[in-house]
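Undergrad: One structure coming up, written as structure tokens, with questions to follow.
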Amino acid sequence: MDFATLAIVFAAIGAGSISKGATGMGMPLIAIPFLASVFGLQHAVAVLVVPTLVTNLWQIWHFRAYRRDPRMRFLLPMLPAVVVGVAIGTWLLDSVPERGLTLALGLLLVGYVIFRLARPSFIVEGRGAYYGAYPAGLGAGVLHGATGISAPIGVTFIHAMRFERGPHVYAVSAMFLVLVCTQGPALWVAGIMQPEWVLQGTLALVPIAVCMPIGQWLASKLSARAFDRLILAFLGVIGLKMAVGL
């Protein structure tokens with residue numbers, strides 16, 4: 001493991017950590033495309049396992065007060081569905097055309113952003129959130145198993161509940177934690193988790209420790225409305241990126 005490789009890993013994960021600290025998401029979305037273009041997708045996904053595990057454990061602990069929030073009831077059906085979805089997505093990995101999948105998801109995200117801008121009062125709550133969590137969790141898991149990224153379905157569903165920053169970050173962190181705890185052993189069994197890549201991900205906890213607090217500080221300066229708009233803009237950018245194939 002040379003210095004240049006470690007510097008690239010640090011830069012990609014550090015940049016993603018700022019987004020993670022601010023919004024509760026974004027580290028894989030930022031780091032994986034960059035790392036994959038340099039080292040390959042398997043390397044990128046394997047390096048992110050330890051950082052994803054640690055950052056989501058930390059955020060769940062930091063926002064643990066929201067675990068008793070009645071609105072978190074939707075996680076009860078969503079998280080088991082996520083596990084099933086990851087298994088299905090892993091099985092579909094070699095049979096689903098990647099470009100068709102990313103195009104469809106990109107258009108889905110752009111459509112959601114346009115819908116929210118047209119109907120800013122729209123919200124998913126109550127029974128709709130509970131029963132909608134089954135297909136949302138399954139879809140997020142399938143997408144994660146097939147592509148390594150789950151935000152286009154999982155985060156979109158959670159964002160539609162219009163949480164404040166604290167419960168939003170707790171909810172998405174719980175989803176991401178279950179995803180990585182399911183994916184990690186699967187990667188190990190498949191022989192993808194090379195010891196050097198695990199070490200790189202572990203060392204990347206250093207830039208995470210520096211950059212995540214920066215993101216949290218930036219988010220603390222935002223109102224609830226500004227935070228909602230930030231997440232919406234983030235989803236829109238992801239959608240456009242996926243739709244045009246960048």
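Undergrad: Only Cα pairs under 8 Å and at least 6 apart count here; give the relative contact order of the range 3-244 as a rounded whole percent. Write down the numbers at each step before the final one.
TA: Values: 338 pairs, mean separation 91.4, N = 242.
Relative CO of the range 3-244 lands at 38 percent.
Undergrad: How far is helix 224-244 tilted, in degrees, relative to the longest principal axis of the Cα atoms in the chain, given as a value from 0 to 90 rounded to the nearest 10?
TA: 60 degrees
Undergrad: Angle between the Cα long axis of helix 98-118 and the longest principal axis of the chain, 0 to 90 degrees, nearest 10?
TA: With rounding to tens, the tilt is 30 degrees.
Undergrad: Provide LYS221, LYS20, LYS241 in ascending order of the number of other Cβ atoms located within 10 Å of each residue's Cβ, fewest first.
TA: Values: LYS221 8, LYS20 32, LYS241 15.
Final ranking by Cβ density, sparse to dense: LYS221, LYS241, LYS20.
Undergrad: Hey, what number do you get for the chain at 222 nm if only DSSP H runs of n ≥ 4 count, each worth -39500 (n - 2.57), divided across all residues, to the nearest 500?
TA: Numbers: 11 runs with 197 residues, N = 246.
About -27000 deg cm²/dmol.
Undergrad: Relative to the longest principal axis of the C-alpha atoms of the chain, give the angle of the C-alpha long axis of helix 205-220, reported between 0 and 90° and rounded to the nearest 10°.
TA: Value to nearest ten degrees: 20.
Undergrad: Who wins for biggest fluctuation among VAL178, VAL47, VAL210 in a Gaussian network model of the chain, springs between alpha carbons below 10 Å?
TA: VAL210
Undergrad: Related question: At a 10 Å Cβ-Cβ cut-off, how would you order PHE115, PHE157, PHE34, PHE234, fewest neighbours first?
TA: Values: PHE115 12, PHE157 24, PHE34 17, PHE234 21.
Least crowded to most crowded, the residues run PHE115, PHE34, PHE234, PHE157.
Undergrad: Taking neighbour Cβ counts within 10 Å as the exposure measure, how do SER220, SER17 sort from fewest upward?
TA: Values: SER220 10, SER17 27.
Going from least to most buried by this count: SER220, SER17.
Undergrad: Tell me, how many Å apart are the Cα centres for the range 110-178 and for the range 1-62?
TA: Their Cα centres are 21 Å away from one another.
Undergrad: Continuing with the same structure: Projected area of the range 26-72, taken from the Cα convex hull and averaged over every viewing direction, in nm²? Spell out each step's value before the answer.
TA: On the way: hull surface 15.1 nm².
Over every viewing direction, the Cα hull of the range 26-72 projects on average to 3.8 nm².
Undergrad: Across 5 Å bins from the origin, how do the percents of Cα pairs in the range 120-221 run, short distances first?
TA: Bin by bin from 0 Å, the calculated values are 2, 10, 16, 19, 18, 15, 11, 6, 2, 0.
Undergrad: Moving on to the next point. Which residue, chosen from LEU117, HIS62, GLY85, occupies the Cα position most advanced towards the positive end of the dipole of the chain, where the dipole is computed from +1 (Lys, Arg) and -1 (Asp, Glu) charges on Cβ about the Cα centre?
TA: Among LEU117, HIS62, GLY85, the one farthest towards the positive end of the dipole of the chain is LEU117.
Undergrad: Right, another one. Any idea what the dipole of the chain comes to, in debye rounded to 20, about its Cα centre with Lys/Arg Cβ at +1 and Asp/Glu Cβ at -1?
TA: Numbers: 16 positive and 8 negative charges, 200 e Å.
It works out to roughly 960 debye.
Read the figures in this text as sums done on the coordinates, not as results from a lab. The structure displayed is predicted, hence computed values, not measured ones. We place every Cβ from the backbone using ideal geometry, glycine too, and count neighbours over all the protein chains shown.
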